[in-house]
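*Asks:* Structure in structure tokens, see below.
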Amino acid sequence: MSESYGFFDSDSNDVRQYRADEFTEFFRNFFTSGVCSGLGITTQGGMNIGINTGYSVLKGYYYKNDTLLLMSLSAADTNLPRVDRVVLRLDLVARTIHANIKKGAPASNPTPPTLQRDQTVFEISLAKISVPAAASNIQIANITDERYNSDVCGAAGAIVRPLTVLSSAQPANLVAGDIWIQYLG
């Protein structure tokens with residue numbers, strides 16, 4: 001077993017180069033995937049939506065949108081409704097994270113498209129959009145915010161790994177600022 005450490009600046013005698021996977025491995029130990037701030041969905045007239053500014057973390061990689069991002073939904077089916085999803089898609093092969101609209105299948109009882117989560121792609125859902133049959137305009141009532149639904153997105157957060165103590169007795173070496181929690185399970 002070897003030691004690993006980082007991240008230090010280079011100097012003239014010691015050039016430091018770090019790979020992206022070293023950074024993402026580090027961040028995956030501290031942050032869960034999900035939305036950090038913003039990224040709400042708005043209507044923009046017709047079949048257009050906007051994704052507000054904000055940040056997200058996906059598997060240790062960050063996504064930032066610093067201006068209103070406009071996107072268009074595909075035309076509605078003339079006879080059947082569908083449910084689309086607005087997702088952030090991490091693609092490890094392409095080395096990108098982009099917002100996308102995943103078009104659902106028209107059906108009498110439509111369901112949203114499933115999220116892809118495998119070795120190369122990881123998606124989180126910002127919103128579901130109900131597209132009524134023959135619709136030409138998306139209303140705010142058609143949009144279901146999914147940013148804080150932990151099954152499909154969730155809020156990015158700190159991973160807290162509490163210290164495991166194998167004794168229920170209070171440690172004798174506590175100093176000011178230490179926290180001791182007794183678990184009586």
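*Asks:* Please work out how much length the chain gains when fully extended from LYS103 to ALA20, using 0.36 nm per residue of separation minus the C-alpha to C-alpha distance, in nm with one decimal. Before the final figure, lay out the partial values.
*Replies:* Numbers: separation 83, 0.36 × 83 = 29.88 nm, distance 3.12 nm.
Stretched fully, the LYS103-ALA20 segment lengthens by 26.8 nm.
*Asks:* Let me ask something additional. Rounded to the nearest 20 debye, what is the charge dipole size of the range 20-145 about its Cα centre when +1 sits on each Lys and Arg Cβ and -1 on each Asp and Glu Cβ?
*Replies:* Approximately 200 debye in magnitude.
*Asks:* If each residue's Cβ is checked for other Cβ atoms within 10 Å, how do SER33, SER130, SER56, SER74 rank with the fewest at the top? Mind dumping the intermediate values first?
*Replies:* Numbers: SER33 21, SER130 18, SER56 26, SER74 12.
Sorted ascending by nearby Cβ count, the order is SER74, SER130, SER33, SER56.
*Asks:* So, one more: Hey, can you rank 147-154, 17-24 by average C-beta count inside 10 Å, highest first?
*Replies:* Values: 147-154: 16.1, 17-24: 11.5.
Taking the mean over residues of other Cβ atoms within 10 Å, the ranking is 147-154, 17-24.
*Asks:* Please list, ordered by chain and number, the residues whose modelled amide H lies under 5 Å from the amide H of VAL131; skip anything fewer than 5 residues away on the same chain.
*Replies:* Residues meeting the amide H criterion: ARG82, VAL83, ASP84.
*Asks:* Could you run the Debye sum over the Cα atoms of the range 20-145, one equal point scatterer each and no solvent, and tell me log10 of I(q)/I(0) at q = 0.11, 0.15 Å⁻¹, two decimals?
*Replies:* Listed by q, the Debye log ratios stand at -0.40, -0.70.
*Asks:* Using a 10 Å cut-off around each Cβ, can you sort ILE143, ILE49 from fewest to most neighbouring Cβ atoms?
*Replies:* Values: ILE143 19, ILE49 25.
Ranking ILE143, ILE49 by Cβ neighbours within 10 Å, fewest first, gives ILE143, ILE49.
*Asks:* How would you rank THR43, THR114, going from fewest to most other Cβ atoms within 10 Å of each one's own Cβ? Display every interim value, and only then the final one.
*Replies:* Values: THR43 17, THR114 11.
Starting with the residue having the fewest Cβ neighbours, the order is THR114, THR43.
Any read-out appearing in this document is the output of simple, stated calculations on the displayed coordinates, not a laboratory observation. Predicted model, so just to flag it, every value in this text is computed and none were measured. Reconstructed Cβ throughout: ideal geometry from the backbone, glycine too, with neighbour counts over all protein chains shown.
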